[in-house]
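Below you'll find the structure, written out as structure tokens, and then a few comments.
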Amino acid sequence: MTDYATLFKEMGQQARLAANDLQLATTEVKNSLLLAIAQTLEANIAAILAANEQDMVKSSDYDLPTIMLDRLRLTEDRIKQMALGVRQLVDLPDPIGEVMESSTRPNGMQITKVRVPLGVIAMFYEARPNVTVDAAALALKTGNAVILRGGKEAFYSNQCLVDLIRQALESVNLPANAVQLVSITDRAAVSDLLKQREYIDVVIPRGGAGLIKRIVEESRIPVIETGSGVVHVYVDVECDVNKIVPIVINAKVQRPSVCNSAETLLIHEGVANEYLPIVAEALFKNQVELRGDVASRAIVPAIHEAKATAWSTEYNDLIMNVKIVPNVEAAIAHINQYSTKHSECIITENKSTAQTFLQQVDASTVYVNVSTRFTDGFEFGLGAEIGISTQKLHARGPMGLLALTSYKYYVEGDGQIRS
């Protein structure tokens, strides 16, 4: 039996040593590193594409849905976008060392609250090679070391990308072990990695509900829970009809395989007879299968019956649920029951109704008359993102640089003692 625990202990020790060095790196050095990573990616596009092609060829072994292959596939343009995302981090302020608060106590003692790195991050994710670069770049900008465990579907792509990032680290005299890739694809190995509390400070899972559930349940290390996306769009009785179709189509169709795409359409009974056929026709034209309740199927017979499990399912596909509700309160109740607390949207012209929705819907990001597809670090001006937190402690919503930091207090004095 393979001794995974020993292997992961060694990786953790190496990451801890690297993190100690990174904490001493200046902003100038870290920015030089990011530029080196971007340049290395662009200089090795052919090698990255060749590695990705190996994954694409092998993907047939994993019976991946066709639409999920979109997450796995890299192109020259996507690699250039990855490099651009890394460069954009250079222009963002370095949060490390920021004085968050300061005060002087009556006894003359000075207290300063200073932002610091988390330390060592373990990142778990599925078949998305771009996450490899995003996670590494964000971690390095904030002085954190990172251990990456991507899905087996992207094994060759991830291996190539991490090798290039490690080359860039060495080129600026920083430890290559600041970024490490778990090359073991055996699922049993995950449990051993999640026990390395002595060396790993935080675990961040990014992927489907199954992956996140397993990490949360098995980890002995604190977890920042990023979310699967059971996302809703609610069409209110006082909506602007011209906004419905563009928002719903964008939220569902633009990229259905991602976590901020909509899975359920809720529509007020006062406008359902008039507007549901219009929205349904637009969705059908975009090859979306609709699954609905009895009331919605009575209006649009082409809608299939929604099973009880439909309302809690993240499809990551061109499938959408439809339900008719009597009022905004019913919509909010449905959302709070089935939502994964990711992103939720209301389409309404009533400011009071909008405010009720904003305040009562329990999600990291709540929209009024805006597509849910904007829940993204880049779109929020955070640069790359390491994930979208659906929990309430430490970080929530798109997680950029600040989410990868903690703080400590500097206390300075002149011999004060407590009486």
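The values are calculated or read from the model by the stated rules, or taken from the named source; none is laboratory data. Just so it is clear, the structure is predicted and the values come from calculations on it, not from any experiment. FYI the Cβ positions are ideal-geometry reconstructions off the backbone, even for glycines, and counts take in every protein chain you see. For the accessible areas, the whole protein counts, side chains as well, though only heavy atoms, and no ligand, DNA or RNA atoms are used. Shrake-Rupley method; radii C 1.70, N 1.55, O 1.52, S 1.80 Å.
Structure values in brief
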{"quantity": "Sole exception among (1) open to solvent by less than 50 Å² (accessible area, probe 1.4 Å); (2) over 24 Å from T405 (Cα atoms) for T226, by number", "calculated": "(2)"}
{"quantity": "Count of residues meeting criterion [over 19 Å from the mean Cα position of the chain (by Cα) and among the hydrophobic types (A, V, I, L, M, F, W, C)] in segment 222-252", "calculated": "10"}
{"quantity": "Residues satisfying the stated conditions in segment 253-280, i.e. part of a helix (DSSP H, G or I) and either under 20 Å from A363 (Cβ atoms) or under 23 Å from the mean Cα position of the chain (by Cα) (or both)", "calculated": "V253"}
{"quantity": "Restricting segment 268-296 to residues that are of a type in the set (D, E) and within 22 Å of T309 (Cβ to Cβ), the residue that is surrounded by the fewest Cβ atoms within 10 Å (Cβ to Cβ)", "calculated": "E289"}
{"quantity": "Considering residues of segment 59-90 that are free of Cβ contacts under 8 Å to residues at least 12 places away in the same chain and among the charged types (D, E, K, R) only, the residue nearest to A403 (Cα to Cα)", "calculated": "D77"}
{"quantity": "Of all residues making up segment 134-172, the number that are more than 20 Å from the chain's Cα centre (by Cα) and without any contact (Cβ under 8 Å) to a residue 40 or more places away in the chain", "calculated": "3"}
{"quantity": "Condition met for L84 (in contact with a helix residue (DSSP H, G or I) (Cβ under 9 Å, 6 or more places away or on another chain), at pLDDT below 95 and closer than 26 Å to L382 by Cβ)", "calculated": "yes"}
{"quantity": "Segment 173-207 - residue that is surrounded by fewer than 16 Cβ atoms within 10 Å (Cβ to Cβ) and either closer than 13 Å to A15 by Cα or of a type in the set (D, E, K, R) (or both) and, of those, farthest from the chain's Cα centre (by Cα)", "calculated": "E198"}
{"quantity": "Residue ranges of strands (runs of 3 or more DSSP E) in segment 129-209 with at least 1 members within 20 Å of G377 (Cα to Cα)", "calculated": "145-149, 202-206"}
{"quantity": "Checklist (1) over 13 Å from I347 (Cβ atoms); (2) touching a residue at least 40 places away in the same chain (Cβ under 8 Å); (3) open to solvent by 40 Å² or more (accessible area, probe 1.4 Å) applied to R220, failing item", "calculated": "(2)"}
{"quantity": "Test: residue in segment 249-267 that is over 14 Å from M320 (Cβ atoms), open to solvent by 30 Å² or more (accessible area, probe 1.4 Å) and modelled with pLDDT of 95 or more", "calculated": "no"}
{"quantity": "Tally, over segment 326-350, of residues that are open to solvent by 40 Å² or more (accessible area, probe 1.4 Å) and among the acidic types (D, E)", "calculated": "2"}
{"quantity": "Which numbered condition I37 fails, given (1) modelled with pLDDT under 95; (2) in contact with a Leu (Cβ under 8 Å, 6 or more places away or on another chain)", "calculated": "(1)"}
{"quantity": "Subset of segment 385-412 (residues that are of a type in the set (A, V, I, L, M), open to solvent by 50 Å² or more (accessible area, probe 1.4 Å) and not in a loop (DSSP other than H, G, I, E, B))", "calculated": "L402, V411"}
{"quantity": "Among (1) open to solvent by 10 Å² or more (accessible area, probe 1.4 Å); (2) touching a Phe, Trp or Tyr at 6+ places or on another chain (Cβ under 6 Å) - the single one V131 does not satisfy", "calculated": "(1)"}
